[in-house]
Amino acid sequence: MSKTLPSYNPSYTSSTAMIYPGESFDPKTVLQAVHQEKATALYGVPTMFIAELAAPEFDSYDLSSLRTGIMAGSICPAEVMKKVNGKMNMKEVQITYGMTETSPVSTQTSSLDPFEKQVTTVGRTQPHLETKIVDPGTGIPDEKYGEELIAWVKLRPDTDPVTGEDLQAFCKGKIAHFKIPKNYKFVDAFPMTVTGKIQKFKMREISIEEMGLKK
């Protein structure tokens, strides 16, 4: 079953059938398709697997035919990976990351990688690419998505007071709904280095501490 990679990839690697459960993602429909068609591979982003595992009738489906698959878009939380390996029988699942312009996999783990590597990385760079980290993450932890966006806002001195709800309303229709921050922190100044650069790691630390997300 192919959900995030081009449909020709499975056929190129000797798959005998590709299953499209529906026009859009629905965890129940996916589980039903695996159960009925005896699929051996399942593709998706980590949040899709989380939704499938949380489906009310999950235990009623026979997923023993599953063997492998791909999670794309981000790393998978360790507890989720354990359930995917065990409850979904996908012991050879791999993590990939990339974009359409790179056809589309840029990095990928191996089924032979240790568990720690599978849940803390997105694998090795593919031979046809070079990669460079240009912007460290500044989000806050999120149980469902892995990381959630928080917007730090510094208002101009002559600006009328605004709220997070005001900013959300302003963003609607201007950017995709899933890109609109749900969390806002209004500050008088950003943490800075002596050379005048914003300390993003400090912003992350402060946000995690204030929101009680520190483990």
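Bear in mind these aren't lab numbers, they're just calculated from the coordinates by the rules spelled out. These numbers come from a predicted model, not from an experiment. FYI the Cβ positions are ideal-geometry reconstructions off the backbone, even for glycines, and counts take in every protein chain you see.
Assorted remarks:
- Here the residues I198, I208, ranked from fewest to most Cβ neighbours within 10 Å of their Cβ, fall in the order I198, I208.
- Over the chain, DSSP H runs of length four or greater, each weighted -39,500 (n - 2.57), average out per residue to a 222 nm ellipticity of -7500 deg cm²/dmol.
- Burial ordering of I75, I206, fewest other beta-carbon atoms within 10 Å first: I206, I75
- Region 3-125: antiparallel DSSP beta bridges as a percent of all, rounded to 5: 40 percent
- The charge dipole of region 139-211, taken about the Cα centre with unit charges on the Cβ atoms of Lys, Arg (+1) and Asp, Glu (-1), comes to about 360 debye, rounded to the nearest 20.
- Relative contact order for region 139-211: 34 percent, from Cα pairs under 8 Å spaced at least 6 residues apart, divided by residue count.
- log10 of Debye I(q)/I(0), alpha-carbon scatterers only, for region 139-211 at 0.12, 0.22, 0.27 Å⁻¹: -0.39, -1.13, -1.29
- Cα pair distances exceeding 20 angstrom across the chain, given as percent: 67 percent
- Residues R67, R156, R204 arranged by fewest to most Cβ contacts within 10 Å: R156, R67, R204
- Beta bridge orientation in region 139-211: antiparallel %, DSSP, nearest 5: 45 percent
- Rounded to 5, the percent of DSSP beta bridges in the chain classed as antiparallel: 45 percent
- Over the chain, Cα pairs under 8 Å with separation of 6+ residues give a relative contact order of 12 percent.
- Fully extending the segment from K179 to K214 would add 10.2 nm, taking 0.36 nm per residue of separation and subtracting the current Cα-Cα distance.
- Region 3-125: relative contact order as a whole-number percent, Cα under 8 Å and 6+ apart: 19 percent
- The charge dipole of the chain, taken about its Cα centre with unit charges on the Cβ atoms of Lys, Arg (+1), Asp and Glu (-1) only, comes to about 420 debye.
- Highest-MSF residue in the chain out of G69, G44, G86 [GNM, Cα springs under 10 Å]: G86
- Positive dipole terminus of region 139-211, leading residue within T163, I175, F201 (C-beta point charges): I175
- Of the residues G44, L129, A78, the one whose Cα sits farthest towards the positive end of the charge dipole of the chain is L129 (charges of +1 on Lys and Arg Cβ, -1 on Asp and Glu Cβ, taken about the Cα centre).
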